[in-house]
Amino acid sequence: MKIDSHHHFWKYDPVEYSWMNQEMGILKQNYGPDELENEIRKVEIDGVVSVQASQSIKETDDLLYHAQNNEFIKGVVGWFPLADSGVKSELERYADNQWLKGVRHVVQDEPDDRFILGKDFNRGISLLREFDLVYDILIYERQLSASIEFVDQHPEQIFVLDHIAKPRIKDKLLDPWKFKMYQLAERENVSCKLSGIATEGEWGEWQESDLRPYMEIALDAFGPERMMFGSDWPVARLAVEYAPWVNICRSFISRLSEDEQILVEGGVATQIYKLA
């Protein structure tokens with residue numbers, strides 16, 4: 001299967017999605033399965049993984065409902081209150097849900113750049129293996145050091161790094177992101193999503209050549225065996241539409257062997273998230 005490993009759905013609400021600022025007008029509408037299915041069919045993508053965009057159990061339930069009712073949605077990365085003392089009982093309620101594949105917290109928005117090392121949060125992370133759940137790491141470049149320490153606390157947990165850790169593409173800076181990406185990639189329990197990259201450039205002005213160095217480094221660090229394509233639709237619409245982003249990524253991996261291209265376009269996502 002060709003898999004889009006990272007996208008979002010929402011019914012727009014200015015309170016629930018308060019992170020959408022005045023420059024993000026294109027996001028302030030409803031995005032559902034019908035709109036996405038239309039996009040993926042145009043570029044011959046077979047299935048998707050739906051990822052949380054709001055830190056609520058309600059949104060997790062909504063995503064699971066969509067997965068249950070739309071065959072092309074192969075899995076869900078939801079949100080749970082990992083730092084809460086009662087999170088195990090919450091996870092137990094979903095233990096038999098075949099579409100729940102992983103969990104994510106919006107660490108990038110936490111004011112403390114070392115939030116990811118918090119004791120209560122890590123207690124929640126330590127439960128995920130019991131439920132066979134992946135953890136998606138959503139961070140900015142500045143949080144990479146803490147995230148490496150975090151991963152080292154959970155050597156048996158499967159992690160996926162979202163959006164190649166959001167490097168400073170707009171500022172055309174490779175370091176220290178490059179060094180830390182190679183460090184993180186030394187941890188073999190971490191895979192990486194080739195997603196959310198164009199939005200880190202200057203919206204409306206970036207060129208593909210601005211993105212290529214970062215894509216090259218991420219692929220070199222993790223290799224095609226731990227790299228998966230993702231669209232980050234509809235957030236990506238701030239900088240690029242669906243089909244053009246797919247084409248950029250396919251062009252980028254075209255120099256790889258056919259087997260390696262298959263891994264990036266769906267094989268790794270299918271393996272990591274145990275999609276069917």
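What does the charge add up to near Phe131, with Lys and Arg as +1, Asp and Glu as -1, over the other residues with Cβ less than 15 Å from its Cβ?
The answer is 0.
Quick check on my link table: of Lys88/Lys170; Lys42/Lys166; Lys2/Lys166; Lys11/Lys172; Lys42/Lys178, which ones sit more than 32 Å apart, alpha carbon to alpha carbon?
Exceeds cut-off: Lys88/Lys170; Lys11/Lys172; Lys42/Lys178.
Given the pairs Lys74/Lys193; Lys101/Lys180; Lys74/Lys101, which span a C-alpha to C-alpha distance of over 19 angstrom in this model?
As for pairs spanning more than 19 Å Cα to Cα, those are Lys101/Lys180.
Taking all pairs of different Cα atoms in the stretch 161-276, averaging 1/r and flipping that mean, what Kirkwood radius in angstroms comes out?
By the Kirkwood definition, the hydrodynamic radius is 14.3 Å.
Sorting check: for 76-86, 152-162, 19-29, 207-217, which peptide has the highest mean count of neighbouring beta carbons within 10 Å, and how do the rest follow?
76-86, 152-162, 207-217, 19-29
Of [x] 17.3, 48; [y] 24.8, 78; [z] 19.9, 60, which one was derived for Rg and Dmax of the Cα atoms in Å from the structure shown?
Recomputing Rg and Dmax of the Cα atoms in Å here gives the entry labelled [x].
Work through the residues other than Ala95 whose Cβ is under 12 Å from its Cβ and net out their charges, Lys, Arg +1 and Asp, Glu -1.
Result for the local shell: -3.
Just so you know, all these numbers are worked out from the coordinates, no wet-lab data involved. From a predicted model like this one, the values you see are computed outputs, not experimental measurements. Backbone-built Cβ (ideal geometry, glycine too); neighbour counts: all protein chains shown.
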